[in-house]
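The values are calculated or read from the model by the stated rules, or taken from the named source; none is laboratory data. Model, not experiment: these values are computed from the prediction. Note: accessible area is taken over every heavy atom of the protein model, side chains too, but ligands, DNA and RNA are not part of it. Shrake-Rupley method; radii C 1.70, N 1.55, O 1.52, S 1.80 Å.
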Amino acid sequence: MSDKTIKIRKSGNSNILTLPKEIKPKAKRYRVFQGRDGMIVYVPEKSNPFKDPAFINKYKNSRQKEEFEGPLFDNELS
């Protein structure tokens, strides 16, 4: 982990935070959040399968086996 300090640069209406060269991004896109304490967090963007039309169509009318049949799991109530 890097202990370097970075400064925010202004470019038009955007603020830019540059990464120190020691930090190697593993994704091309990130979601950014700011906490109440001012902490800025970047999270790699991942696709949501529940919003993917192909995934939705594949599992549209499927049901879990244990919903109607099959063995119960651990201490489930019947």
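Quick notes on this one:
- With a threshold of 25 Å on the Cα-Cα distance, the over-threshold entries among K4/K26; K4/K46; K26/K51; K4/K28; K7/K28; K21/K51 are K4/K46; K21/K51.
- Between N48 and I6, the contour length at 0.36 nm per residue exceeds the alpha carbon distance by 11.9 nm.
- Segment 18-31 - phi-based ³J(HN,Hα) in whole Hz, Karplus 6.51/-1.76/1.60, Gly and Pro as x: 8, 8, x, 5, 5, 8, 9, x, 9, 9, 8, 10, 9, 9
- Residues D52, D3, D37, sorted by accessible area with the largest first, give D3, D37, D52 [1.4 Å probe; ligands and nucleic acids excluded].
- A 1.4 Å probe, protein heavy atoms only, puts the accessible area of I23 near 70 Å².
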